[in-house]
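Here the structure is laid out as structure tokens; the discussion comes afterwards.
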Amino acid sequence: MPNLPFQNQTLGVSPEVLGTFWDQFQLNEAPNGTAQMGVSSDMAVVYQLTSAQLLALNTTAVQLVAPPIVAGLPSYLVPPRGYLYVPTTLTLEYVFGGTAYTIGGTTPVIQIEYTGKTGNLISLSPTGLVDQAVNTVASVGTILITPTALTNCVNLGLEVKLGGTTPTLTLGNGTVNLYMLYNLYALL
């Protein structure tokens, strides 16, 4: 047998193709979760929202987790119904920058939603967090996803946005460190 570059003989896929596929589900040098029976648990994202991003968060969402790459992959690497991200824990750490934010609107929330959609998956109120003159932290870990059409959640990424009725953040100049745990499901 000729000495060929390594290729997975069982799958017939080169390491480069497999590497690109698996890299999308890892945020650091080591894997964030352990895949078991179609579920990878406790994947994490850490993101620092700048003052400019916070001030525009009611109109401009910030992408936290990109949609999974499925185009061009062999069919055996893509589950029949696609991939689903489900956030499980959200922690926000406000780093006071000298001027606290003024919060406007009715029931504003810093919320995680599917990319391009408006459904609130998990959220925290900015009141008591970013309107303070000290560093603060808040966390939530309960989530309930109501019945949703797969087209509104499968193979979509996760983003953060300021939701509520005409929500606004103004005047502030601090940052928010966002820590989010989420699961990845391969829908069979």
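Condition check ((1) out of contact with any strand residue (DSSP E or B) (no Cβ under 8 Å at 6 or more places or on another chain); (2) of a type in the set (A, V, I, L, M, F, W, C)) across all residues:
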position: Val62; (1), (2): no, yes
position: Ser75; (1), (2): yes, no
position: Tyr94; (1), (2): no, no
position: Ile110; (1), (2): no, yes
position: Tyr114; (1), (2): no, no
position: Asp131; (1), (2): no, no
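The condition (being closer than 17 Å to Leu181 by Cβ and either assigned to a loop (DSSP other than H, G, I, E, B) or modelled with pLDDT of 95 or more (or both)) is satisfied by just one residue among Leu73, Leu54, Leu27: Leu27. Between Asn120, Asn135, the distinction of being modelled with pLDDT of 95 or more, more than 14 Å from Leu178 (Cβ to Cβ) and surrounded by fewer than 18 Cβ atoms within 10 Å (Cβ to Cβ) belongs to Asn135 only.
Every listed requirement among (1) at pLDDT 60 or above; (2) more than 14 Å from the chain's Cα centre (by Cα); (3) aromatic (Phe, Trp, Tyr) is met by Phe6 save one, (1). Ser75 fulfils the conditions (1) of a type in the set (S, T, N, Q); (2) in contact (Cβ under 8 Å) with a residue 12 or more places away in the chain; (3) farther than 24 Å from Gly141 by Cβ except for a single criterion, (2). Looking only at region 44-69, residues that are more than 15 Å from Leu90 (Cβ to Cβ) and not small (Gly, Ala, Ser) come to 11 in all. A residue that is more than 13 Å from the chain's Cα centre (by Cα), crowded, with 18+ Cβ neighbours inside 10 Å and among the hydroxyl-bearing types (Ser, Thr, Tyr) cannot be found anywhere in region 61-80.
So, Leu90, is that one surrounded by 13 or more Cβ atoms within 10 Å (Cβ to Cβ) and modelled with pLDDT of 95 or more or not? Here the answer is yes, as Leu90 does meet what is asked. Looking only at residues in region 144-169 that are among the β-branched types (Val, Ile, Thr) and either touching a Gly at 6+ places or on another chain (Cβ under 6 Å) or at pLDDT below 95 (or both), the one that is surrounded by the most Cβ atoms within 10 Å (Cβ to Cβ) is Val154. Given the structure, is Pro80 at pLDDT below 95 and outside any strand (DSSP E or B)? When the stated conditions are applied, Pro80 passes them.
The values are calculated or read from the model by the stated rules, or taken from the named source; none is laboratory data. Quick caveat, the model's predicted, so the values are computed rather than measured. FYI the Cβ positions are ideal-geometry reconstructions off the backbone, even for glycines, and counts take in every protein chain you see.
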